[in-house]
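Q: I am attaching a structure below and will ask some questions about it afterwards.
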Amino acid sequence: MKGVLEIQRGALGEEPAVERFEVEFESGQTILDGLRFIRRDQDETLAFRFSCINANACKECMMLVDGKTAYACTERLKEGVTKLAPLPKKLLVRDLVTEIAPPDERLELDS
Amino acid sequence: MHLQADVLIIGAGAAGIYAALEANRAGASVLLVDRSLIGRSGATVMAQMTVAAALGEREPDDPSFHLSDTLAAGRGLCDEALSAMVCEEGPGRIRQMDEWKVGWARDGEHIAQVHAPGHDRPRCVYVEVLATGPAVSRTLRTQLKRTPEIRTIGDLVVVDIVVADGRACGAVAVHMASGEIVTLEAKTVIVATGGLTRLYRRNSASSNMGGDGYALALRAGARLVDMEFVQFFPIGHLAPRLVGMDPIMWDPFRYKLGGRLLNAEMREFENDYRNADTRSDGKYLLTRDLATYAITQEVAAGRGSPAGGAYLSFQHIDPDLIRKTFGPIVERLEANGIDLEHQTIEVAPIAHYHMGGVRVNTRMETDVEGLYACGEAIGGSNGANRLSGNAITEAFVFGARAGQYAAARAAKLNTAWSDEAARPILDMMRSASPGSGRNLAETLAQLQSLMADKVGPFRNEADLQAALGSLAGLSEDVGERPQATGQPFDPVLLDWLDLRNMLLVARSVTTAAASRKESRGAHQRDDFLSMDDNWAINQTIALREGKLHLGQQVPNDKKVPA
């Protein structure tokens, strides 16, 4: 099967740009699988967070999937277009990565 | 940026957090860093399984019984002093976690204890339903929040430990979000980075378990031990596709309900592989190394399932009982299209845990003054095969110990920080360039396939030598100068740093495996089928001028460095 991921990209302070990636997948595979395929086969600079891969334990891969907050590791890939964007209410780092750590776990660079 | 603390702890899973809490309690200033989020990354949060301790809640038990099972599973290679520490101090830590409201499952008024394979009695506690790891992580994060004196920093990837005049005096790290290089000055340093399962294509751990701590310790001058012993979990989920669950989740189903392991002929085969030292509880027959062997042999003999494993069936079990025991999980399975009443699933061995690791004494000291290690990152307590349930227990016990000893030592030391000693690492980081155009994410996938195909649970000389050749080639491709894009949260730089560590660790595993010409525990060779008494020794490994050097030691030799 084939799907298209339209991904909002760019770092904080940059004009966001949407890039399209075609992804081949098997039934049951997830958005996170698709993002990892893209890094391996098309663009290794794509930034997204994940740690536990597909167990939904670390809760790091939260993003907007077709406008709704979801975990990339449990949301399935589908045929047609899926739009991905960073969480809107968190500070953007780059691409799909936002600052999700509690404030007391962050490095304040001016300190 | 330059940060200072008495004790620097690298890795914020159960071992690292316990170390931080105890070092703080001992009066040290503590800096706890993790490459990912604090208390959410690594193996702890993934553990849906059970935790072993001789609590004696369900029937009388004693740490000596637990020790005897641990040593038997370790096939003669355990460092008994370390194993004994886990068994003796485990119950206290389990009860402490209970006071901290982790929520161990109850059996009436008692903490429930189940009988896991390799144990002589019910000894393993858990949190319902399949929630042990998340509950442990949440509980420890709460303790951290109650201890604001501990400074925690996430998204900080440690590149190397700084060693000045033979003493560990801090580390150099890169902050993922900004790309900023950060120097961390400390009187003592604790490695709590977990294991190396990410070296393998199919694994049960998170993406940050690439063996960082082993590589950090080797480059700092410390020896590793037992690196050939990678535990494969026999019944990792294989098919159909399952997401939102830990792939080793079938184990508790088997503890509680039974569950038949079948080959392509739909015949149970575990009994064919039983041997004398396996204790059976009637439901669940084989320890992990033997079950891995059994499934792999069935597949090799052409009796595997379509996806290349074995079938696991619960069809003979009353569906109401399954639903009663695992209600919420059954619903998650249904969302994945899996109906246990009407279908079998496929399972296969999956890289799960590393018995080997940094060589320490009972004070958790490595060969390098001021450098400590704890948790899965150390080797010795599990010998050639880990007993199920011991991983979280050892994370608590060794973590707490490391924190105490590192804090006590730090109180007696002045800083040994040296800009001069940090400079080569800083120079390396500053030499980063966009690189050759090689896709490192693809290289990483190649490494995982290579390790799975050639250095998996079953090994032989030809495969291991081929792997060493391929690893040398990959190391050359990756080079000694970092690849980076220069952008915030740079996954290219992270892949390069990971490959630098993973390749060194993969070489360590493969070198030790090629040297050990016998089969023992998790190290099985099809060209040396049986256990050889002459090999009742541990192999150590050291890095000198870019080359790995193997050594040997008799288990349980006194090894407190002078």
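Q: Determine which lysines satisfy two conditions relative to residue B:101: a Cα distance under 16 Å, and not lying fewer than 8 residues away in the same chain.
A: B:145
Q: Now for a separate question. Taking chain B as the reference, fit the longest principal axis to its C-alpha atoms, fit the long axis of helix B:319-335 to the helix C-alpha atoms, and give the angle between the two in degrees, 0 to 90, nearest 10.
A: Helix B:319-335 sits roughly 50 degrees off the main axis of chain B.
Q: Just to confirm the number: angle between the C-alpha axis of helix A:31-41 and the first principal axis of chain A, 0 to 90 degrees, nearest 10?
A: The angle comes out at about 90 degrees.
Q: If you roll a 1.4 angstrom probe over the protein chains with everything in place, what fraction of the accessible area of chain B belongs to carbon and sulfur, to the nearest %?
A: Of the solvent-accessible surface of chain B, carbon and sulfur hold 47 percent.
Q: Follow-up. Can you compute the helix-only [θ] at 222 nm over chain B? Use -39500 (n - 2.57) per DSSP H run of at least 4 residues, normalise by all residues, nearest 500 deg cm²/dmol.
A: So the helix-based figure for chain B works out to -11500 deg cm²/dmol.
Q: Can you list the residues of region B:25-46 whose accessible area drops by at least 10 Å² going from the chain on its own to the full set of protein chains, with a 1.4 Å probe?
A: So the qualifying set is B:36, B:37, B:38, B:40, B:45, B:46.
Q: Evaluate E = 1/(1 + (r/R0)^6) for residue B:518 and residue B:339, where r is the Cβ-Cβ distance and R0 equals 41 Å; express this FRET efficiency to the nearest 0.05. Don't skip to the end; give the middle numbers.
A: Numbers: r = 44 Å, r/R0 = 1.08.
So, using R0 = 41 Å, E works out to roughly 0.40.
Q: Continuing with this model, one more query. Would you list, by chain and number, the lysines whose Cα falls below 21 Å from the Cα of residue A:89, excluding same-chain residues fewer than 8 positions away?
A: The qualifying lysines are A:59, A:68.
Q: If you take all C-alpha pairs in region B:164-240, what percent of them are over 16 Å apart?
A: 64 percent
Q: Hey, another quick one. Before rounding to the nearest 500, sum -39500 (n - 2.57) across all DSSP H runs of length at least 4 in chain A and divide by the residue total; then give [θ] at 222 nm in deg cm²/dmol.
A: So the helix-based figure for chain A works out to -3000 deg cm²/dmol.
Q: For the protein assembly as shown, how big is the tail of P(r) above 34 Å, as a whole percent of Cα pairs?
A: I get 41 percent for the Cα pairs in the protein assembly as shown exceeding 34 Å.
Q: What pairs in B:454/B:517; B:412/B:547; A:2/A:83 have C-alpha atoms more than 25 Å from each other?
A: Correct reply: B:412/B:547.
Q: Taking only protein heavy atoms into account and a 1.4 Å probe, give the accessible area per residue of region B:451-555 in Å².
A: 40 Å²
Q: If you don't mind, there's one more thing I want to ask. How many square angstrom of accessible surface are buried between B and A, both sides summed, with a 1.4 Å probe and rounding to 100? Intermediate values should be presented prior to the final figure.
A: On the way: alone 20740 and 6940 Å², together 24350 Å².
Interface area, both chains combined: 3300 Å², rounded to the nearest 100.
Q: Okay, moving on. List for region A:82-109: residues with 30 Å² or greater reduction in accessible area, all protein chains versus chain alone, probe 1.4 Å?
A: Buried on complex formation: A:93, A:94, A:104, A:105, A:107, A:109.
Q: For region A:1-57, what relative contact order do you get, as a whole percent, if you take Cα pairs closer than 8 Å and at least 6 residues apart?
A: Values: 50 pairs, mean separation 14.8, N = 57.
Relative contact order of region A:1-57: 26 percent.
Q: Need the per-residue list for region B:223-259: every residue with at least 10 Å² less accessible surface in the complex of protein chains than in the chain by itself, probe 1.4 Å, sorted by number.
A: Those residues are B:241, B:243, B:244, B:245.
Q: With loop defined by DSSP as not H, G, I, E or B, and exposure as at most 12 other Cβ atoms within 10 Å, which is the longest segment of chain B clear of exposed GluC sites (Glu not before Pro)?
A: B:266-479
Q: Report the charge-dipole magnitude of region B:285-438 in Debye, nearest 20, computed about the Cα centre from +1 at each Lys and Arg Cβ and -1 at each Asp and Glu Cβ.
A: For region B:285-438, the charge dipole is close to 520 debye.
Q: Under 11 Å from the Cβ of residue B:311, count the other residues' Cβ atoms, weight Lys and Arg +1, Asp and Glu -1, and hand me the total.
A: So the environment of residue B:311 carries a net charge of -1.
The values are calculated or read from the model by the stated rules, or taken from the named source; none is laboratory data. Quantities reported herein were computed from a predicted structural model and do not represent experimental measurements. Positions of Cβ are backbone-derived with ideal geometry, glycine not excepted, and every protein chain shown enters the neighbour counts. Calculation scope for accessible area: heavy atoms of the full protein, side chains included, ligands and nucleic acids excluded. Shrake-Rupley method; radii C 1.70, N 1.55, O 1.52, S 1.80 Å.
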